[in-house]
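A quick write-up on the structure given underneath.
All of the numbers you see were taken from the coordinates with simple rules; none came from a lab. Quick caveat, the model's predicted, so the values are computed rather than measured. Ideal geometry is used to build each Cβ from the backbone, glycine not excepted, and the neighbour counts take in all protein chains shown.
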Amino acid sequence: MSGFPAVRMRRLRENATLRDMLTEVTLEPRHLILPIFVCPGEGVSEPIPSMPGVCRWSVGRTPEVIEPAIAVGVKAFLLFGLPTYKDADGTSAFASDQPVQRALRLLRGKYPEIILIADTCMCEYTSHGHCGHLTKDGHVDNDVTLELLSKAALSQAEEGAHFVAPSDMMDGRVGAIRSALDGAGMCSVGIISYAAKLASAFYGPFRDAAGSAPSFGDRKSYQLPPANPREIIRDALMDVDEGADMLIVKPAMPCLDIASRLRAGTDLPLAGYVVSGEYMMLRSAISSGALDRERALLEYHAAVRRSGCDLVITYYATELARILRGAVG
Ligand code: PBG
């Protein structure tokens, strides 16, 4: 008696109350992390042409984007910085007068209840736009880059980051950053590593937003090949061995299978990053009228949770939290 007609799955779906009671995966404001672009200057709120609806904020104005998010239950923020200067080794990534460092000081003092995550990478800070130190022949030197990343992470931790989030994809960065933090007595600062970061077309709008496009070549020698799931999982699990506290998969939708495999293969908290290209894909389809805004946003982000992610990093965090709270979005 295992199949139809004794079994009728629709019995569980006929009634709205029952459907509500049996909901397996929820999406709540507490699951959402909002990325923020912090730029130099004073009084700046500059719309980002490649990402309509998202702005770059100077440090003093970041409360204007943080407070509405906190008001609807968003609890964590991921900071990206546009520096005042760039050089070959991205030294502005670890200078205390730069936007991310200044924002961390301000926000850590002003909003003690929120979680501050600093994206740790070199591409926004290097004149060539690659994620690390370049050798003469234009190759990104892994081990020299580890030293630069460690300096950046230390600087972010010193200014108040609860977590650093290395997004460079060098080998050994989690271990290097962990020992740098521990060596400086900052063992309570955590590492959320971009463990499965694919070499993806979906970062295009971000690279305009953060001015971080590589000036030549691409990132395929360090970011992960989308067609290699076994290699992706091996690389991600190395971050676990090196001491990562949480893992990020990105882009979210093209990585749902990876998230689900990592969910089965590790008990670390996982976050899926709905990246700039996914934001624009949704936004374009919504603004053309092809998709219903609320239903599409809810379904898309809930799918990331369903794949096994505890958290979802998304430019839609505030808008989604508003929808989830039942307020007019
Ligand atoms: C920095 C970094 C990137 C993103 C997050 N951290 C860009 C890249 O790797 O080119 C992409 C985020 C997004 O597209 O929203 N390395």
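Miscellaneous remarks
- Dipole magnitude for the chain: about 1220 debye, using +1 per Lys or Arg Cβ and -1 per Asp or Glu Cβ, origin at the Cα centre.
- Estimated FRET transfer efficiency when R0 is 30 angstrom, pair Arg108-Ser45 (beta carbons, to 0.05): 0.90
- Chain lengthening between Ala227 and Thr84 when straightened (0.36 nm per residue, less Cα-Cα): 47.7 nm
- Of Thr91, Ala118, Leu198, farthest towards positive along the dipole that unit charges on Lys, Arg, Asp, Glu beta carbons give the chain: Leu198
- Cβ charges +1 (Lys, Arg) and -1 (Asp, Glu), total dipole of the stretch 173-255, debye: 240 debye
- Choice from Arg230, Arg105, Arg305 showing the highest fluctuation, given a GNM over the chain with Cα pairs closer than 10 Å: Arg230
- Computed over the stretch 1-124: relative contact order in percent, which uses C-alpha pairs under 8 Å that are six or more apart: 24 percent
- The residue among Phe4, His31, Ala71 whose Cα reaches farthest toward the positive pole of the charge dipole of the stretch 1-85, with charges on the beta-carbon of Lys, Arg, Asp and Glu, is Phe4.
- Förster-model FRET efficiency, 51 Å R0, Ser127 and Thr23, C-beta, rounded to 0.05: 0.55
- When +1 charges are put on Lys and Arg Cβ atoms and -1 charges on Asp and Glu Cβ atoms, the dipole computed for the stretch 113-200 relative to its Cα centre reaches about 120 debye.
- Theoretical gain in end-to-end length, Ala201 to Lys136 [0.36 nm per residue, Cα-Cα removed]: 20.7 nm
- Label-point gap, in nm, between Asp143 and Asp218 - each point 7 angstrom along Cα→Cβ: 2.9 nm
- Residue exposure sequence - Lys136, Lys151, Lys197, Lys220 - by fewest surrounding Cβ within 10 Å: Lys136, Lys220, Lys151, Lys197
- Filter on Lys197/Lys220; Lys75/Lys110; Lys75/Lys151; Lys75/Lys250 - keep pairs with C-alpha separation over 18 Å: Lys75/Lys151; Lys75/Lys250
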